[in-house]
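Enquirer: To start, I am sharing the structure in question, which I have written as structure tokens.
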Amino acid sequence: MDENRIAIVTGAATGIGFGIAKRLSREGFSVMMIGRSDSIFSAARKIERSVPYKCDIRDAAEVETTVRNIYEKFGRIDALINNAGVSRLSLLTDTDDETLDLQIDTNLKGTFHMLRSVTPIMQKAGYGRIVNMSSVTGVIECDKGYSAYGMTKAGVIGLTRAASSELAEYGITCNAICPGFIRTPNVERSARKTCPDDPESVLRGIADGVPMKRLGTPDEIGALAAFLVSPDAGYITGTGIVIDGGNRIPETSVMGSTL
């Protein structure tokens, strides 16, 4: 296996992005960890073969400069994992333009900026692996308050399919991951806010609705990402893979249990 492989992971300072970066490092990649705050530097110190880059993916010029610096330093970019994203819960009629733009600019335009900057390098090399982070939200289901977020994550699927069509002839695959409930620091913070005295009860309540009776882990998302950027996934492109512990399967919430 080529030990000089270079992977870029956005939103890598915490949660799913950190889990992906950690997993790719174990798989032998040198991981370029991108984040928009200084926390990316301390996060990178926890992962072998990682290099931190502070970059706001909403800024196209920053993205171009960061990608160019990576390419000039390492001479290649083998994999791109577009993980960075934000979610702001707000009812449709209560969502102001600032809240809307934050999610569009990060989840959609930021992903587009990264794709546009990295793909010419992969096209020149005749090889590349791209993974975009979507969600089950907006693609398969959507609760109240997620209209803006769901719109952007559904848009990521559209972008993934379009990009896969354009890039297949260059030996580049482009897929999406659609996570369900994953135990991340953000989810844990939300649980503490919901029930400060017993946040674990909130997480148990969520897990009880999942057929596997637990939340997923960032490392499990990392394992899927590692497969999608491996040579073994060379004939998979243009698809969104759901990883949710089977949560989309049950109909008992609307049909009633018969057992």
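Enquirer: For a test of the definition: using alpha carbon positions, the gyration tensor, and the 1.5 limit on a/c, classify region 182-225 as rounded, prolate or oblate.
Expert: Values: a/c = 3.90, a/b = 1.55, b/c = 2.51.
It comes out oblate by the Cα gyration axes.
Enquirer: Given the convex hull over the Cα atoms of region 148-201, what projected area results after averaging over all orientations, in nm²?
Expert: Projected over every direction and averaged, the Cα hull of region 148-201 covers 5.0 nm².
Enquirer: Same structure again: Take every Cα pair under 8 Å in the chain that's 6+ residues apart, average their separations, divide by the length, and report that relative contact order as a whole percent.
Expert: Relative contact order for the chain comes out at 19 percent.
Enquirer: Enumerate the amide H contacts of LEU80 below 5 Å, restricted to partners 5 or more residues apart or on another chain; note that Pro and chain-start residues carry no placed amide H.
Expert: Under 5 Å from the amide H of LEU80: ILE8, ARG129, ILE130, VAL131.
Enquirer: Going through region 109-151, which trypsin sites (Lys or Arg not before Pro) have at most 12 other Cβ atoms within 10 Å and a DSSP loop state?
Expert: LYS144
Enquirer: Taking the full set of protein chains and a 1.4 angstrom probe, give the accessible area of SER39 in square angstrom, rounded to the nearest 10.
Expert: Answer for SER39: close to 50 Å² accessible.
Enquirer: Something else now. For region 111-259, what is the convex hull (Cα atoms) projected area averaged across all directions, in square nanometres? If you can, show how the numbers build up before the last one.
Expert: On the way: hull surface 43.0 nm².
Mean projected area of the Cα convex hull: 10.8 nm².
Enquirer: Name the longest site-free stretch of the chain, where the excluded sites are GluC sites (Glu not before Pro) in a DSSP loop with no more than 13 other beta-carbon atoms within 10 Å.
Expert: With a cap of 13 other Cβ atoms within 10 Å, the longest stretch comes to 49-250.
Enquirer: When the Kirkwood hydrodynamic radius is evaluated over all pairs of different C-alpha atoms of region 10-86, what value in angstrom, to one decimal, is obtained?
Expert: Numbers: mean 1/r = 0.0813 Å⁻¹.
12.3 Å is the Kirkwood radius here.
Enquirer: Taking the Cα centre of the chain as the origin, how large is its charge dipole in debye, to the nearest 20, when only Lys and Arg (+1) and Asp and Glu (-1) carry charge on their Cβ atoms? Provide the component values of the computation, followed by the final result.
Expert: On the way: 29 positive and 31 negative charges, 114 e Å.
Using only the charged Cβ atoms, the result is roughly 540 debye.
Enquirer: Do any trypsin sites (Lys or Arg not before Pro) in region 157-259 lie in a loop, going by DSSP, with at most 12 other beta-carbon atoms within 10 Å of their beta carbon, and if so which?
Expert: Answer by residue number: LYS213.
Enquirer: Determine the relative contact order of region 1-82: mean sequence separation of Cα pairs under 8 Å and six or more apart, normalised by residue count, in whole percent.
Expert: Working: 142 pairs, mean separation 27.1, N = 82.
Answer for region 1-82 is 33 percent.
Enquirer: When the convex hull of the C-alpha atoms of region 1-55 is computed, what volume per residue in Å³ does it have?
Expert: Roughly 57 Å³ of hull volume per residue.
Enquirer: Quick one: accessible area per residue over region 73-167, 1.4 Å probe, rounded to a whole number of Å²?
Expert: On a per-residue basis, region 73-167 sits at 46 Å².
Enquirer: What does the charge count near SER39 come to, summing +1 for each Lys or Arg and -1 for each Asp or Glu among other residues with Cβ under 13 Å from its Cβ? Walk me through the intermediate numbers first.
Expert: Details: positive: ARG36, ARG45, LYS46, LYS54; negative: ASP38.
Once all neighbours under 13 Å are counted, the net charge is +3.
Enquirer: Now a separate question. Ignoring any ligand, DNA or RNA, what whole percent of the accessible area of the chain comes from carbon and sulfur when the probe is 1.4 angstrom?
Expert: 52
Enquirer: While we're on this one: Give the share of C-alpha pairs in each 10 angstrom bin for the chain, from 0 to the last occupied bin, in whole percents, shortest bins first.
Expert: All Cα pairs, binned at 10 Å, distribute as 7, 30, 37, 19, 6, 1, 0 percent.
Enquirer: Rg/Rh for region 62-171 to two decimals, with Rh computed the Kirkwood way over all alpha-carbon pairs.
Expert: 1.04
The values are calculated or read from the model by the stated rules, or taken from the named source; none is laboratory data. Since this is a predicted model, take the numbers as computed values, not measurements. Note that we place each Cβ from the backbone using ideal geometry, even for glycine, and neighbour counts take in every protein chain shown. Heads up: the accessible areas ignore ligands, DNA and RNA and are worked out on the full protein's heavy atoms, side chains in. Shrake-Rupley method; radii C 1.70, N 1.55, O 1.52, S 1.80 Å.
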